[in-house]
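Below is one structure, written out as structure tokens; comments come after it.
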Amino acid sequence: MTVQEASNELFTWFEQNDGFEVNRDIKKITPIMENEEETTIAFKIALEKLEEMQLISSKDYGDKKYYILEKAMDAFQQNIELGPWTAKFLAQEINDFCDLLEDQTDKCQIANITEKDVRNLVHIIVWYKQRVMEKEAIISGEHSGLDEPSSSTDNGASDESSHSE
């Protein structure tokens, strides 16, 4: 496990929990570890980095070290800087998608990318990911669905048929 993977797991953990103690909680996050020692070290490094970012504080108590959130996870804000190329690309993709849907409500400005725009980009990714998963299900289901009476008579059913439902 990488430090980044451990950090992502900890972010998810801290959405529901205020504290973390390595020996007590690591197996709740990662019940099966390929290399327990390396995984534990990755989590400890990730915890140290979260502490450097002032997301958590640690305290030794007895023979254990506890990591406690400074404040609720939803209260933390991150600031990011976007270069002009990234801002232009992000805005173009969002605006093209708005044009595709013929809904101009969420068009964005290159010079003023907001959290809403980033959230919309995530929604666009989810939308496309869902379409890919639907197509994969159709492709993998074609072979097993041929015997079933409810299967499509057109074995090469196009994506348009799924949109008409």
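Quick note: the coordinates plus some simple rules give every number you see, no bench work behind them. Computed from a predicted model, the values in this text were never measured in an experiment. Here the Cβ positions follow ideal geometry from the backbone for every residue, glycine too, while neighbour counts run over all protein chains shown.
Things to note:
- Considering (1) exposed (fewer than 13 other Cβ atoms within 10 Å of the Cβ); (2) among the polar types (S, T, N, Q); (3) under 30 Å from GLU21 (Cα atoms), the lone condition that SER58 does not fulfil carries the number (1).
- Candidates are the residues of the stretch 27-46 that are part of a helix (DSSP H, G or I), of a type in the set (A, V, I, L, M, F, W, C) and more than 14 Å from THR12 (Cα to Cα); the one that is farthest from the chain's Cα centre (by Cα) is ILE41.
- Residue check for ALA87: surrounded by 16 or more Cβ atoms within 10 Å (Cβ to Cβ), over 26 Å from VAL118 (Cβ atoms) and of a type in the set (Gly, Ala, Ser): no
- Complete set of residues in the stretch 8-26 that are assigned to a helix (DSSP H, G or I), without any contact (Cβ under 8 Å) to a residue 60 or more places away in the chain and closer than 20 Å to ASP74 by Cβ: ASN8, GLU9, LEU10, THR12, TRP13, PHE14, GLU15, GLN16
- Of all residues in the stretch 47-71, those satisfying the criterion of being outside any loop (DSSP other than H, G, I, E, B), in contact with a strand residue (DSSP E or B) (Cβ under 7 Å, 6 or more places away or on another chain) and without any contact (Cβ under 8 Å) to a residue 24 or more places away in the chain are GLU51, SER57, SER58, LYS59.
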